[in-house]
C-alpha cells in the first residue's frame, strides 16, 4: 500500500490526537516548548568556596601539576611513578601555598627563591632513592633556589 502525503499527514495528526486524548507524553513536550522564563541560577558551592579561599585553590592546582611532574620524574628515573606522584603532589601544594602567601607577595625575590627551592627539592627527591638521597636532594634544592632567584631577578628587572 502506497501512502500519499495527505494520508501520512492524517496518520500523524490522528496519532497526536490519540496520544493527547489518552494522556500520553505528547502533552508534556508541548508544555516544555512553550514554557519561557528567566531563572537566576545560584553559583555552585565549589565555585564560591574556591573564590573565597585563594590559597586552597592555588594549593589544589599546584598539587595537580606537581602530581603529574613527580609521576613523570619517577617514571623517567626508574624510582617509581606512584612514589614520584606522591612527592610531587606535596611539593606542588607547597609551591601553591608559597605563591598565595600575602607576606611573600610583598617580597617577590624571596618568593621566587623559595618557590625554586621547594620545586628543586621535590624534583630531586622524587628522582633519587637509596644511598645519597639527602645529598642529591640538597643539591637539587640549592640548584632550584639559584634558578628561582635568577628567574625572579630577570622577571623583575626586565620589565
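Using a Förster distance of 25 angstrom, determine the FRET efficiency expected from the C-beta separation of residue 142 and residue 110, and round it to 0.05. FRET efficiency, residue 142 to residue 110: 0.95. Stretched out straight at 0.36 nm per residue, the stretch from residue 77 to residue 57 would grow longer than its current Cα-Cα span by 4.2 nm. A Förster radius of 25 Å combined with the Cβ-Cβ distance from residue 97 to residue 151 puts the calculated FRET efficiency at roughly 0.85. Translational diffusion of region 50-157 was estimated from the Stokes-Einstein equation, with Rh taken as the Kirkwood radius over Cα pairs; at 10 °C and 1.306 mPa s the coefficient is 114 µm²/s.
Since every read-out is calculated from the coordinates, none of them should be taken as a lab result. Predicted, not measured: the structure shown is a model, and the values here were computed from it. Note that we place each Cβ from the backbone using ideal geometry, even for glycine, and neighbour counts take in every protein chain shown.
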